[in-house]
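Below you'll find the structure, written out as structure tokens, and then a few comments.
The values are calculated or read from the model by the stated rules, or taken from the named source; none is laboratory data. What you are looking at is a predicted structure, and each value in this text was computed from that prediction instead of being measured. Virtual Cβ from ideal backbone geometry, glycine too; neighbours counted across all protein chains shown.
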Amino acid sequence: MKVLILPDEQAAVDRAADIVARTVRDAPDAVLGLATGGTMLPLYETLAQRHAAGDVSFARTVSFNLDEYIGLPPEHPCSYHSYMREAFFDRVDIDPSRTHLPRGDAPDPQAAARDYEAAIERAGGIDLQLLGIGRNGHIGFNEPTASLGSRTRIKTLTDSTRQANRRYFDSFDETPRYAITMGVATILASRACLLLATGAAKADAVARMVEGPLSAACPASALQLHAKATVVLDREAAGALELVGYYETVHPEGRDTVFD
Ligand code: PGA
């Protein structure tokens with residue numbers, strides 16, 4: 001796992017944006033796995049600004065989002081469809097017909113989940129999967145004890161995840177209980193992963209992911225199995241790591257290698 005530690009949130013976001021932009025410049029028809037959540041908002045903002053400045057185009061990019069709440073139609077203001085349109089799709093030149101999210105309002109969510117997994121395969125798999133991390137160590141909506149061999153399916157959200165998401169809804173009761181999410185094995189099948197975590201609230205989950213045992217109790221720890229997983233952190237999110245000195249020696253100032 002490549003652990004890049006940056007001095008503050010914007011520096012971490014810029015570093016993550018560099019990696020996304022480089023992927024798309026190297027392969028304009030790259031398949032991106034996209035994530036939602038508060039952490040990703042400044043990343044999409046930065047990518048939209050770079051697009052406006054003419055630095056990066058997503059015209060040929062294909063995208064698959066990690067997850068969507070069951071029960072919310074795409075037009076619902078709290079759906080991840082809406083989030084993606086507002087935060088990113090409407091602000092760059094991505095072709096809407098090349099963007100994909102699971103349908104939260106599918107009449108048969110289990111069939112929709114299987115179809116989603118098949119669509120990722122038909123697209124040739126994911127080149128770069130963006131990820132956030134939950135305070136409970138989830139990636140996508142793969143909550144603690146999610147099978148490390150799981151593929152896209154329905155997951156029941158934990159109360160802690162619903163509490164974290166409650167701020168977007170009118171009440172805890174209205175906060176969705178279920179989601180369609182890529183599985184841990186779907187994520188591990190991507191050719192590269194880029195996890196961005198910022199802020200002290202993520203420090204414990206980050207330490208369990210990077211330095212804890214490989215365990216379904218912390219689904220993000222499955223990234224230890226991935227041959228090309230990059231974790232971009234600000235100093236606060238790196239606060240509970242024991243081997244900070246080592247990561248900073250290997251990747252000074254968050255660079256790829258000491259030779260860059
Ligand atoms: P957050 O969510 O960026 O809103 O903290 C991350 C996640 O739960 O994966």
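Being within 24 Å of Leu6 (Cα to Cα), surrounded by 15 or more Cβ atoms within 10 Å (Cβ to Cβ) and among the basic types (Lys, Arg) narrows it down to one of Lys202, Lys155, so name that one.
Only one candidate qualifies: Lys202.
Out of region 165-208, which residues are more than 26 Å from Asp14 (Cα to Cα) and in contact with an Asp or Glu (Cβ under 6 Å, 6 or more places away or on another chain)?
If the condition is that a residue be more than 26 Å from Asp14 (Cα to Cα) and in contact with an Asp or Glu (Cβ under 6 Å, 6 or more places away or on another chain), then Ala179, Ile180, Thr181 are the ones that fit.
Looking only at residues that are more than 15 Å from the ligand (Cβ to nearest atom), part of a helix (DSSP H, G or I) and among the acidic types (Asp, Glu) in region 13-62, which one is surrounded by the fewest Cβ atoms within 10 Å (Cβ to Cβ)?
Filtering first and then ranking leaves Asp26.
What's the total number of residues in region 102-148 that are on the phi < 0 side of the Ramachandran plot and part of a loop (DSSP other than H, G, I, E, B)?
The number of residues fulfilling the criteria is 22.
Of the residues Ser97, Ser150, which is among the polar types (S, T, N, Q) and under 18 Å from the mean Cα position of the chain (by Cα)?
Going through Ser97, Ser150 in turn, just one is among the polar types (S, T, N, Q) and under 18 Å from the mean Cα position of the chain (by Cα): Ser150.
Restricting attention to region 157-179, report how many residues are outside any loop (DSSP other than H, G, I, E, B) and within 15 Å of the ligand (Cβ to nearest atom).
11
Which one of these is of a type in the set (D, E, K, R) and either modelled with pLDDT under 95 or within 16 Å of the ligand (Cβ to nearest atom) (or both): Glu9, Glu117?
Being of a type in the set (D, E, K, R) and either modelled with pLDDT under 95 or within 16 Å of the ligand (Cβ to nearest atom) (or both) holds for just one of Glu9, Glu117, which is Glu9.
Condition first: in contact with an Asp or Glu (Cβ under 7 Å, 6 or more places away or on another chain) and not aliphatic (A, V, I, L, M). Can you find one or more residues in region 14-30 that meet it?
Checked against the condition, which is being in contact with an Asp or Glu (Cβ under 7 Å, 6 or more places away or on another chain) and not aliphatic (A, V, I, L, M), region 14-30 yields at least one hit.
For a quick check of your reading of the model, give me the residue pairs whose first member lies in region 77-96 and is touching a residue at least 40 places away in the same chain (Cβ under 8 Å), whose second is surrounded by fewer than 17 Cβ atoms within 10 Å (Cβ to Cβ) and aromatic (Phe, Trp, Tyr), with beta-carbon atoms closer than 7 Å and at least 6 apart or on different chains.
Cys78/Tyr168; Cys78/Phe169
Kindly check whether there is at least one residue in region 175-190 that is touching a residue at least 40 places away in the same chain (Cβ under 8 Å), out of contact with any Phe, Trp or Tyr (no Cβ under 6 Å at 6 or more places or on another chain), farther than 30 Å from Ala118 by Cβ and not charged (D, E, K, R).
No: region 175-190 contains no residue that is touching a residue at least 40 places away in the same chain (Cβ under 8 Å), out of contact with any Phe, Trp or Tyr (no Cβ under 6 Å at 6 or more places or on another chain), farther than 30 Å from Ala118 by Cβ and not charged (D, E, K, R).
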